[in-house]
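See below for the structure under consideration.
Only the coordinates and a few stated rules stand behind these numbers; no lab work does. Note that this is a predicted model, so its numbers are computed, not measured. With ideal geometry, Cβ positions are generated from the backbone for all residues, glycine too; neighbour counts draw on all protein chains shown.
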């Protein structure tokens with residue numbers, strides 16, 4: 001596996017080595033040795049979405065914060081990590097990467113980050129591991145188009161599809177990070 005660090009401390013891209021022959025291909029998608037010692041994944045999640053679906057920006061608060069390892073099984077997304085650690089040198093900076101089933105890149109998003117993605121191809125399957133169990137009372141988020149973060153989601157506003165929950169997410173100004 002090739003690991004590339006992003007400008008955001010603790011956030012990195014993993015590119016697996018793919019072995020192929022006439023029968024198909026094989027790749028290792030996870031190896032514990034590539035992650036910080038305090039990261040132990042306990043939950044796997046998967047979603048299927050159509051082009052234009054935007055999920056995020058989400059995070060869990062307090063002791064329920066989650067690190068995530070995200071990847072695309074089929075299709076393509078623009079994946080976004082936002083550093084929301086108030087004492088970080090990169091506080092409120094974001095990183096984006098295209099993940100798809102051609103490049104097989106994965107993104108590790110550490111605790112203390114908001115995370116979201118927009119689907120760029122129909123019938124995309126997005127999978128992610130979490131190092132903490134989901135807790136409804138600890139869920140939070142930031143409005144995807146918050147002007148303080150200024151993310152380019154790569155699709156026109158009129159093509160973006162949000163859940164009712166994501167439409168109601170607050171802006172940074174109304175959060176106390």
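Observations on the structure shown:
- Theoretical ellipticity at 222 nm over the chain - DSSP helices of four or more residues, -39500 (n - 2.57) apiece, nearest 500: -500 deg cm²/dmol
- Chain lengthening between residue 98 and residue 4 when straightened (0.36 nm per residue, less Cα-Cα): 32.4 nm
- Note on the chain: the alpha carbon radius of gyration divided by the globular reference 2.2 N^0.38 Å gives 1.01.
- Paramagnetic label zone (point 7 Å from Cα along Cα-to-C-beta, residue 148; backbone N under 18 Å) in segment 78-107: 81-95
- Cut-off 20 Å, label 7 Å out along Cα→Cβ of residue 38, residues of segment 92-111 by amide N: 92, 108-111
- Highest mean packing comes first when the peptides 29-42, 80-93 are listed by Cβ atoms within 10 Å, giving 80-93, 29-42.
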